[in-house]
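Following: one structure in structure tokens, then a few remarks.
The values are calculated or read from the model by the stated rules, or taken from the named source; none is laboratory data. From a predicted model like this one, the values you see are computed outputs, not experimental measurements. Neighbour counts are summed over all protein chains in view; Cβ atoms, including those assigned to glycine, are modelled from backbone coordinates with ideal geometry. Accessible surface is based on the protein model in full, side chains and every heavy atom, while ligands, DNA and RNA are left aside. Shrake-Rupley method; radii C 1.70, N 1.55, O 1.52, S 1.80 Å.
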Amino acid sequence: MTPFSIFRRTTDYGGLYAMLLVNRLQMVYFALVIPAYLVQPYMIWAIFAAGVLSQLNLWLLSKWFASRYPEQGRGGFVNLFGGTTLRFLAAIGLVALTVKIIVITLGYTDIIQQFIFPTMNRTWLILFPAALACFIAMHGMESLIRFVVIAFLCTFWILILFLYFWFAGHGSIRDLYPILPPSWSAGDWNSLLLLFSSLSGPEYLVCLAPWLNPRRHPLKYMSIGNTMTILEYLVLFATAVIFYGPRYLSTIRFPVVDMTRYFQSPIFERIDIFVVPIHMIYFIYALSLFLLLFFGGVRIVANRANRPPVRTAFLVCCAIVTAAIACADEWSWESKVRLNIWQDLQIGLGAAGYAVVPLLLVVAIRRKGRA
Amino acid sequence: MLEVVRATKWLPLFLFLGSVCVAVSGCRPLPQKNTLEELAPVIFWSIDEGTGGKLKISTMVPPLIQEPKKLLTLQVDLLEQGTKGFNLRYDREWKLGQLRILLISESLARKGIGSIINTLMTNPEISQRLFLAVVKGDFDRYVGSQLKEQSQLDYALYRMFKHYERKNQGELTIVNLHQFMKKVYSRYSDPVLPIFQADEADFVYEGSAFFKRDRLVANTDKSKDQMFQLLSNRHVLKLFPIPRYYTTIGQLRSKVRWKLSRDHSELSVTVALRGRIQEYRGARNLYKRSELGALKKEIQSWLEQQTRALLESMQREGVDPLQIGDLTLRPASKPIDREEWLQEWRKMRLNVRIDLNIQPLTKVSGEF
């Protein structure tokens, strides 16, 4: 009988892993729908602005990574905040994490239902990814961190497909006019918030700190990851604007997936059915990572972090998360407001979390250093 | 505890077996099942106005199997009611995944086809590359009379559209679902569709039909359509017969330069045409430079007149299929709205210039 050791740590993982993690965590779900919310060509600058803000956060985060606390794992946090405060913070984090899991899972469920299995029972569509993510998460944190390389290589190339639209004569440079905003409304501020929120995700690296060790150049690698994300957002958004034009784009629910419907292959008809599961790879990856983090968070809140992890407890955690997703789907997703409550909640929580976590850590380090 | 450990060790196997069980048993999550012999993936739909505000939908079945073909027609209120109706009438199940061509009758197009196109657009099964065309006359009668002579009629039609779509062959206007929708939703411009004339014996390309949003308002004749091909984004014609001057110009390429004045009151268009005289049956001696020059001048002014007439007809109807409105867009200023643009477009002064550069395929000299 092998001992259950999902949180075992045998070696350090360097900057490359941090870079890929930053990139893939920022691409989950919102990247696929965001062009339909940005719509106006001048929002390209909003992508840049959100990227700069995100970079600022990564800079703060790197300050924390460079300190001596991250390698101590939970002990580092206890040193910084004290045990009770840490449990309180972890509880807040768990809520944010649960909302994030619910929104991305149900978002992808919607995509699968719209494009691949329109008549399939939604519970199956939630159960299958959850079981798969649970299975992957059981391999432990180390395997999962290594797995990000595969997740990245499997999915990054999709972006190249979209370059086709730039050369297929679908639009002209005038589709991108007005490129400078003639006016700036409240809706545009909302889009900026949405963008910043969808760039959130790297703050969860804080929980992976004992394994990741980008101590030599933490900022460099994370910046490369962030820059790659910004480029991907830019390509996706600019392509969508050129392909659809602003007014048409605002009527489309999943623009990035819908664009793949235009591809034609002599072998099979529905390219989108092939591309959607590929997008799912990093969704499943993120989901399994979040499941592990959820388990870790629950252990801290329940004050069990010092004991070895128990497999049954992990499975129960997965079951609870799956049940939460299913309940959210059953009771509040399909209602009239559809998506909005959860999505708005996630936009707020994601943005707040991404802004607060690095700041909080840096402030805590400063206070500790002074004391 | 031990139990759970064993269970998780075999989890991948259980997951796999579970999926297999789910897949093969009656308890499957997917209520759809496709068996090849039971399907009818149709290639085209033709939609006409029926009696009493209904839609008359027809298609040809079976699509690809070697069986005698027949034309099915239904009168329905809703488009998808047709899908259901055909299923009830025909032994195979109707599938839209291979739908390639949608033919819309002229009378229906004049009333607006937005709702029909939207239905097709949002259906994930239907390709965005579905070809659209407007048909004058009775297409069903054409199909009925051709069924015996040409059994692969539907497929042949699809190949024709495909041929002219690819590599800008530049003889016909070819538009697919996505391009149509993009224009419908665009800021200023309006969509174009090819228009065909169908009767018992023939199915002939007539020209381009101009839409105002989703409603057909005008169409070009065959002669003006050639100018439209040169002005719109294809910019190429293999043959341009001009019977009036006994000439056929071949391999014609155009380069169009639009210029809109700052106050949007005047539009200048310069079309540089380059081609060769492929046929001449008139009385001039084209070996002589002066005579060739005279012919060139005549054709040039005729082309200018044609272009002007084409643009003026667009102004009259208040449509903008050439995306001229996009010229008003500036990088940093707020775009004007559509109504304002239409007002300006109707009143705009036109300034058309053609630079014709045609060569005969013979040697030309000063004296002959």
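Quick notes on this structure:
- Of all DSSP beta bridges confined to chain B, the antiparallel ones make up roughly 60%.
- Degrees separating the helix B:79-89 axis from the principal Cα axis of chain B, which is the longest one: 60
- The aspartates and glutamates within cross-link reach of B:Lys148, meaning a Cα-to-Cα straight distance under 19 Å and a gap of 8 or more places when in the same chain, are B:Glu67, B:Asp138, B:Asp140, B:Asp199, B:Glu200, B:Asp202.
- Of the cross-linked pairs B:Lys162/B:Lys212; A:Lys63/A:Lys220; B:Lys182/B:Lys259; B:Lys182/B:Lys212; B:Lys212/B:Lys334; B:Lys259/B:Lys347, those separated by over 18 Å at the C-alpha level are B:Lys162/B:Lys212; B:Lys182/B:Lys259; B:Lys212/B:Lys334.
- Solvent-free Debye scattering, log10 I(q)/I(0), computed from the Cα coordinates of chain B at q = 0.13, 0.14 Å⁻¹: -1.08, -1.18
- Taking the Kirkwood radius as Rh and the Cα radius of gyration as Rg, segment A:209-328 has a ratio of Rg/Rh equal to 1.10.
- Each Lys and Arg adds +1 at its Cβ and each Asp and Glu adds -1 at its Cβ; summed about the Cα centre, the protein assembly as shown shows a dipole of about 2200 debye.
- Virtual paramagnetic centre 7 Å along Cα→Cβ of A:Phe156, amide N under 16 Å, in segment A:24-56: A:24-28
- Label sites at B:Glu165 and A:Ser5, each approximated as a point 7 angstrom past Cα along Cα to Cβ, lie 5.8 nm apart.
- Euclidean distance between Cα centres, segment B:173-194 to segment B:245-284, Å: 25
- Counting only alpha carbon atoms, the long axis of helix B:11-24 and the longest principal axis of chain B meet at about 80°.
- The calculated FRET efficiency for A:Lys368 paired with B:Ile336, based on their beta-carbon distance and R0 = 60 Å, is about 0.50.
- Beta bridges per DSSP, both residues in the protein assembly as shown: antiparallel share near 60 percent.
- Selection from B:Gly293, A:Ile47, A:Phe283 lying farthest towards where the dipole of the protein assembly as shown points positive, charges on Cβ: A:Ile47
- To the nearest ten degrees, helix B:338-347 and the longest principal axis of the Cα atoms of chain B are 20 degrees apart.
- In this structure the amide hydrogen of A:Gly14, modeled in the peptide plane, comes within under 5 Å of the amide hydrogens of A:Asn213, none closer than 5 places in sequence on its chain.
- Simple spin-label estimate for A:Trp184 and B:Arg353 gives 4.3 nm between the two label positions (7 Å along the Cα-to-Cβ direction from each Cα).
- Span-like helix criteria (full DSSP H runs; alpha carbon extent of at least 27 Å along the helix axis; mean Kyte-Doolittle hydropathy of at least -0.5) are satisfied in chain A by A:44-66, A:83-115, A:218-244, A:271-301, A:340-370.
- Amide H contacts under 5 Å for B:Leu55: B:Gly50, B:Val76, B:Asp77, restricted to partners 5 or more places along the chain or on a different chain, H placed in the peptide plane at 1.01 Å from N.
- Chain A: most fluctuating residue of A:Thr119, A:Thr11, A:Thr84 per GNM, C-alpha cutoff 10 Å: A:Thr119
- Cβ-Cβ FRET estimate between B:Glu304 and B:Lys84, R0 fixed at 60 Å, reported to 0.05: 0.65
- Taking amide H positions as modeled 1.01 Å from N, with prolines and chain starts lacking one, the residues under 5 Å from B:Asp138 and 5 or more places away or on another chain are B:Ala198.
- Chain B: calculated mean residue ellipticity at 222 nm from DSSP helix runs of at least 4, using -39500 (n - 2.57): -10500 deg cm²/dmol
- Shielding score for B:330-339, defined as the mean number of other chain Cβ atoms within 10 Å: 3
- Span from the segment A:15-45 Cα centroid across to the segment B:317-363 one, whole angstrom: 38
- Here the calculated FRET efficiency for A:Ala91 and A:His139, from their Cβ-Cβ distance with R0 = 41 Å, stands at 0.90, rounded to the nearest 0.05.
- Taking B:Asn351, B:Asn285, B:Asn233 as the candidate residues, the one with maximal mean-square fluctuation in a Gaussian network model of chain B, Cα springs under 10 Å, is B:Asn285.
- Interface B:A - total buried accessible surface [probe 1.4 Å, Å², rounded to 100]: 3800
- Relative contact order for chain A, counting Cα pairs under 8 Å that sit 6 or more residues apart, in percent: 42
- Of all DSSP bridge pairs formed entirely within segment B:38-219, close to 60 percent run antiparallel.
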